[in-house]
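Trainee: One structure, as structure tokens, below. Some questions next.
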Amino acid sequence: MSTPLLEVGGLAVRYGVINAVEDVSLSVAPGSIVSLIGSNGAGKTTSLRAISGLLAPAAGSIRFDGRDLAGVAAETRVAMGLAQVPEGRRVFPRMTVLENLQLGAYLRPGDASVPEDLEAITTLFPILEQRRKQLAGTLSGGEQQMLAIGRALMSRPRLLLMDEPTMGLAPQMVELILERILEIRRLGTTILLVEQNAVEAIRLSDMVTVLRLGRVVHTSPGSEIGDDLLRDLYLGHDV
């Protein structure tokens with residue numbers, strides 16, 4: 001069995017006196033897709049933000065490639081190979097598509113392979129090549145999501161954290177984004193996915209962790225979670 005690329009143990013995150021996440025543990029094997037699923041307020045986004053360094057945990061450990069990330073700044077985690085595609089896309093609307101993508105490589109100054117990576121990303125998302133001079137704020141929601149993913153990939157991550165990549169998108173665009181997630185994994189990037197569409201997340205994933213009220217209530221391979229089990233987990237019946 002391979003050593004996990006990411007190991008989270010006993011993670012707790014608090015907002016004042018509120019326990020947003022309590023005792024969350026999970027692991028992500030190299031080359032896999034792992035999904036965090038659960039209803040709104042379950043602690044999924046909070047967990048991702050703690051892993052990426054945007055929130056300070058109150059307790060627990062986060063290890064990436066064997067290194068303890070306690071006290072490691074978010075930008076250093078990016079340089080180590082851990083990048084996040086945030087919920088809501090958050091592209092820079094007054095910058096062009098190309099400028100947004102180039103910004104994703106800001107920790108790679110002078111890297112001669114940046115143009116090669118730009119070409120790979122526009123091959124993955126051809127519309128970004130067509131829109132390269134267009135302001136990001138004028139793109140459709142789906143195009144902005146592609147741009148947000150492409151921008152994160154420009155840092156050459158080993159682990160890509162994706163927070164609700166299909167939220168608010170039309171069904172045809174949802175299918176396209178999900179297909180591209182599989183392609184990103186095929187090209188060698190490990191993925192930790194938070195996705196509102198639990199059925200699709202399970203279909204994509206090697207492993208699935210279910211959160212409820214900030215706690216892990218179930219972890220198993222995606223292939224083992226059927227409709228009945230998923231319904232029980234969401235309704236509050238621990239398994």
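The values are calculated or read from the model by the stated rules, or taken from the named source; none is laboratory data. Bear in mind that the values here come from a model prediction, so they are computed numbers and not experimental data. Reconstructed Cβ throughout: ideal geometry from the backbone, glycine too, with neighbour counts over all protein chains shown. Heads up: the accessible areas ignore ligands, DNA and RNA and are worked out on the full protein's heavy atoms, side chains in. Shrake-Rupley method; radii C 1.70, N 1.55, O 1.52, S 1.80 Å.
Trainee: Name every residue in region 145-156 that is touching a helix residue (DSSP H, G or I) at 6+ places or on another chain (Cβ under 8 Å) and closer than 11 Å to VAL85 by Cα, in order of residue number.
Mentor: GLN145, MET146, LEU147, ILE149, GLY150, ARG151, LEU153
Trainee: If the requirement is being within 15 Å of the chain's Cα centre (by Cα), buried (at least 17 other Cβ atoms within 10 Å of the Cβ) and under 30 Å from ALA79 (Cβ atoms), which of these qualifies: LEU182, LEU211, LEU192?
Mentor: LEU192
Trainee: Filter region 1-34 down to the residues that are modelled with pLDDT of 95 or more and of a type in the set (S, T, N, Q), then identify the one that is least open to solvent (accessible area, probe 1.4 Å).
Mentor: Once the filter is applied, the top-ranked residue is SER32.
Trainee: Can you name every residue in region 37-53 that is modelled with pLDDT of 95 or more and either in contact with a helix residue (DSSP H, G or I) (Cβ under 8 Å, 6 or more places away or on another chain) or among the aliphatic types (A, V, I, L, M) (or both)?
Mentor: The answer is LEU48, ALA50, ILE51, SER52, GLY53.
Trainee: Mind listing whichever residues of region 21-34 are over 23 Å from ARG203 (Cβ atoms) and either over 19 Å from the mean Cα position of the chain (by Cα) or polar (S, T, N, Q) (or both)?
Mentor: The answer is GLU22, ASP23, SER25.
Residues checked against (1) under 18 Å from VAL91 (Cα atoms); (2) within 13 Å of the chain's Cα centre (by Cα):
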position	(1), (2)
GLU119	no, no
ILE127	yes, no
GLN144	yes, no
GLY150	yes, yes
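Trainee: Pick from GLY222, GLY226: which is of a type in the set (Gly, Ala, Ser) and open to solvent by 20 Å² or more (accessible area, probe 1.4 Å)?
Mentor: After applying the criteria, what remains is GLY226.
Trainee: On to the next question. Could you identify the single residue in LEU98, LEU107 that is within 30 Å of ALA29 (Cβ to Cβ) and not acidic (Asp, Glu)?
Mentor: Residue meeting the stated conditions: LEU107.
Trainee: If ARG94 satisfies every condition in (1) open to solvent by 60 Å² or more (accessible area, probe 1.4 Å); (2) in contact with a Ser or Thr (Cβ under 9 Å, 6 or more places away or on another chain); (3) touching a residue at least 40 places away in the same chain (Cβ under 8 Å) but one, which is the exception?
Mentor: ARG94 satisfies all of (1) open to solvent by 60 Å² or more (accessible area, probe 1.4 Å); (2) in contact with a Ser or Thr (Cβ under 9 Å, 6 or more places away or on another chain); (3) touching a residue at least 40 places away in the same chain (Cβ under 8 Å) except (2).
Trainee: So, one more: Please find, among LEU135, LEU103, LEU107, the residue that is surrounded by fewer than 20 Cβ atoms within 10 Å (Cβ to Cβ), farther than 28 Å from SER2 by Cα, at pLDDT 95 or above and hydrophobic (A, V, I, L, M, F, W, C).
Mentor: The conditions single out LEU135.
Conditions (1) closer than 15 Å to VAL13 by Cβ; (2) of a type in the set (Gly, Ala, Ser); (3) surrounded by 20 or more Cβ atoms within 10 Å (Cβ to Cβ); (4) out of contact with any His (no Cβ under 9 Å at 6 or more places or on another chain), marked per residue:
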site	(1), (2), (3), (4)
SER39	no, yes, no, yes
GLY43	yes, yes, yes, yes
ALA56	yes, yes, no, yes
GLU75	no, no, no, yes
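Trainee: Would you please list the contacts, defined by Cβ atoms under 7 Å and residues six or more apart or on different chains, that run from a residue in region 148-175 that is at positive phi to a residue that is of a type in the set (A, V, I, L, M, F, W, C)?
Mentor: GLU164/VAL194
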